[in-house]
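Undergrad: Have a look at this one before I ask anything.
Every number in this text was worked out from the coordinates using simple rules, so none of it is lab data. Just so it is clear, the structure is predicted and the values come from calculations on it, not from any experiment. FYI the Cβ positions are ideal-geometry reconstructions off the backbone, even for glycines, and counts take in every protein chain you see.
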Amino acid sequence: MKILLGVGGSELSYQALTETIERASEAGDELTIAIFESEEVDATLDEVQARVQEQVEESNFEPEIRQIVGTSPGSELVNIAESEGFDRIVLGGGDRSPLGKIQLGSIVEFVLLNAQTPVTLIR
């Protein structure tokens, strides 16, 4: 399976990174990690890249890592997934409100609503 994982610097995206690397290595999947800056997180692209690189090195798994630069990372994730034939998009996100309703960030919401590729949300 060909998996595209989006990492934008939130703790949930790093949790998704850990879980996805583990699952992809066990299943023999092809994993591409797309790193992007999110307005919802106070981390630069370089900081996100460094943390992702650190986790990848600890895992002994060798996914492709690329950066998404631009104003619309959600749109770019959808475009990459569709144009390059990915089987699944994986994202971390989805906090619960005090009333128990799920709250999605703008990037996750865009991908969920616009992707033709199946999306897995890790919370």
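Undergrad: What does the charge count around Leu12 come to, taking other residues whose C-beta lies under 11 Å from its C-beta (Lys +1, Arg +1, Asp -1, Glu -1)?
TA: Net local charge, Leu12 excluded: -3.
Undergrad: Now for a separate question. In nm, what is the difference between 0.36 nm times the number of residues separating Glu84 and Arg23 and their Cα-Cα distance? Walk me through the intermediate numbers first.
TA: Working: separation 61, 0.36 × 61 = 21.96 nm, distance 2.11 nm.
Gain on extension, Glu84 to Arg23, equals 19.9 nm.
Undergrad: Moving on. Give the relative contact order (percent, whole number) for the chain; include only Cα pairs under 8 Å separated by 6+ residues.
TA: With pairs under 8 Å counted, the relative contact order is 32 percent.
Undergrad: Quote the Stokes-Einstein diffusion coefficient, in whole µm² s⁻¹, for the range 1-40, based on the Kirkwood radius over alpha carbon pairs, a temperature of 20 °C and a viscosity of 1.002 mPa s.
TA: Value of D from the Cα-based Kirkwood radius: 205 µm²/s.
Undergrad: May I pose another question? Karplus couplings for the range 103-118 from phi (6.51 cos²θ - 1.76 cosθ + 1.60, θ = phi - 60°), rounded to Hz, Gly and Pro as x?
TA: Computed from phi, the couplings for the range 103-118 are 10, 9, x, 5, 5, 4, 4, 4, 5, 4, 7, 10, 6, 7, 7, x Hz.
Undergrad: Where does the chain land on the Kirkwood hydrodynamic radius, alpha-carbon pairs, in angstrom?
TA: By the Kirkwood definition, the hydrodynamic radius is 14.3 Å.
Undergrad: Let me ask something additional. At 0.36 nm per residue, and after removing the present C-alpha to C-alpha distance, how many nm does the segment from Ser106 to Asp46 gain when stretched out fully?
TA: Length difference between fully extended and current span is 19.5 nm.
Undergrad: If you don't mind, there's one more thing I want to ask. Under a point spin-label approximation (7 Å from Cα along Cα-to-Cβ), what is the Lys2-Gln116 distance to one decimal in nm?
TA: 1.4 nm
Undergrad: What are the ³J(HN,Hα) values, in whole Hz, obtained from phi via the Karplus relation 6.51 cos²θ - 1.76 cosθ + 1.60 with θ = phi - 60°, for each residue of the range 88-99 in sequence order, with x given for Gly and Pro?
TA: 7, 10, 10, 9, x, x, x, 7, 9, 6, x, 8
Undergrad: What residues qualify as long-range amide H neighbours of Val90, i.e. H under 5 Å apart, gap of 5 or more or another chain, H built at 1.01 Å from N?
TA: Leu4, Leu5, Gly6, Thr120
Undergrad: Net charge near Arg23: determine it from the other residues with C-beta under 12 Å of the C-beta of Arg23, scoring Lys and Arg +1 and Asp and Glu -1.
TA: So the environment of Arg23 carries a net charge of -3.
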